[in-house]
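Enquirer: This is the structure, below, for whatever I ask next.
Laboratory data are not the source of any read-out in this text; all were calculated from the coordinates shown. Computed from a predicted model, the values in this text were never measured in an experiment. Here the Cβ is made from the backbone with ideal geometry for all residues, glycine too, and neighbour counts use every protein chain on show.
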């Protein structure tokens, strides 16, 4: 009877846990207009916080240090907004030419395949896509307006977080006994350092990836090379899936751009540039994502592919594209927090890729066999 009672209790706990997860997910979804800016501000605070702390230690007043960092963040966001608007405008301006090329490709394919003339006759990409492009332009304007509103909320949250960062450890020292305060400060300092390091390294690697994509596509003379470089930079925050999504548009554009004029004899050499484009992009993504990034970050910040997938699904379902972009940094931050808290280290190990665990087990087995 006791064993049955224990099993029933465990079943009840499991069901309650599932209900709690769904309840939390519903709350997160309902409060996304506040939680998304809060999460962005929280992640930014790990990058900006050390700068504010450094300035305060150099006898710069806290308000001036915070204001300086705030102006820097605002300037970067403003320049980023101008850049995105210019890139989108450039694509929209060139869209009629791309649509004409699509019409030419369609006409050439139907002629070569001897498709009946009445098959999908009168197709007009310009007519079909024109209203969609206009809608896209309006959507971009709405997005930029929403981005400005969210940015204001992010900056407000960031200000309050930065104002309290330099004095946090002193408050802990006053609030708790010396040994507890020292332990707590070591844990929080370790967490802040690792999360900040992760975010900075991720930004640097993403920036290098974007630059390499831009340079490669510029050398191959693919249109909108700078736009595709910026897209690669942004989507690099989504492992595996992001790099694939960032590679598809420039490859398709290269095919459309370099497709020969219908009626002119072709030898297949026009496919050279699209093939080189695909090879260059996939090589960059493979080297940066599978070689450079693991070497720089180390095993301690590697996440299990299952954790990455679940995080992408969960936060993408909750918050859409923004959630997908934030999913991996949030998961990495959770792993780092668990790694630095004694009772939660098991969770951190399960969230990791497991390479270190396997290496240690094999090394231990080899040592045992040698003895």
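Enquirer: Determine, for each peptide in 51-57, 177-183, 242-248, 89-95, the mean count of other beta carbons within 10 angstrom over its residues, then list the peptides with the highest first. Provide the component values of the computation, followed by the final result.
Expert: Values: 51-57: 16.3, 177-183: 11.7, 242-248: 18.3, 89-95: 13.9.
Going by the mean number of other Cβ atoms within 10 Å, highest first, we get 242-248, 51-57, 89-95, 177-183.
Enquirer: Fewest first, what order do 174, 87 take by the number of other Cβ atoms within 10 Å? Please list the in-between numbers first.
Expert: Working: 174 8, 87 17.
Ranking 174, 87 by Cβ neighbours within 10 Å, fewest first, gives 174, 87.
Enquirer: Take every Cα-Cα pair in the range 298-355 and report what % of them are more than 13 Å apart. Before the final figure, lay out each step's value.
Expert: Details: 938 of 1653 pairs.
Across the range 298-355, Cα pairs with separations above 13 Å total 57 percent.
Enquirer: Further, regarding this structure: Any idea how far the Cα center of the range 57-106 sits from the one of the range 305-371, in Å?
Expert: 33 Å
Enquirer: Turning to a different aspect of this structure: Stretch residue 290-residue 358 to full length: gain in nm at 0.36 nm per residue minus the Cα-Cα span?
Expert: On the way: separation 68, 0.36 × 68 = 24.48 nm, distance 1.87 nm.
Taking residue 290 through residue 358 to full extension adds about 22.6 nm, to one decimal.
Enquirer: Taking 0.36 nm per intervening residue step and subtracting the Cα-Cα distance, what contour gain separates residue 38 from residue 278 on full extension?
Expert: Working: separation 240, 0.36 × 240 = 86.40 nm, distance 3.77 nm.
Gain on stretching residue 38 to residue 278: 82.6 nm.
Enquirer: So if we plug the beta-carbon distance of residue 252 and residue 92 into 1/(1 + (r/R0)^6) with R0 = 22 Å, what FRET efficiency do we get, rounded to 0.05? Please report the intermediate quantities before stating the final value.
Expert: Details: r = 17 Å, r/R0 = 0.78.
For R0 = 22 Å, the calculated efficiency reads 0.80.
Enquirer: Here's another thing I want to ask about it. Listing 198, 78, 259 from the residue with the fewest other Cβ atoms within 10 Å to the one with the most, what is the order? Before the final figure, lay out the partial values.
Expert: Details: 198 21, 78 12, 259 18.
The most exposed by this proxy come first: 78, 259, 198.
Enquirer: What are the principal axis extents of the Cα atoms in the range 168-227, in Å, biggest first?
Expert: 65, 13, 8 Å, listed from the longest principal axis down.
Enquirer: Could you put 218, 75, 353, 333 in order, starting from the residue whose Cβ has the fewest other Cβ atoms within 10 Å?
Expert: On the way: 218 13, 75 10, 353 17, 333 20.
The fewest-first ordering by Cβ neighbours comes to 75, 218, 353, 333.
Enquirer: Considering Cα pairs under 8 angstrom that are at least six residues apart, work out the relative contact order of the range 208-249 and quote it in whole percent. Intermediate values should be presented prior to the final figure.
Expert: On the way: 41 pairs, mean separation 14.9, N = 42.
This gives 36 percent for the range 208-249.
Enquirer: Normalised by the residues of the range 199-296, what does the relative contact order come to in percent, with Cα pairs under 8 Å and at least six apart?
Expert: Numbers: 98 pairs, mean separation 28.8, N = 98.
Relative contact order comes out at 29 percent.
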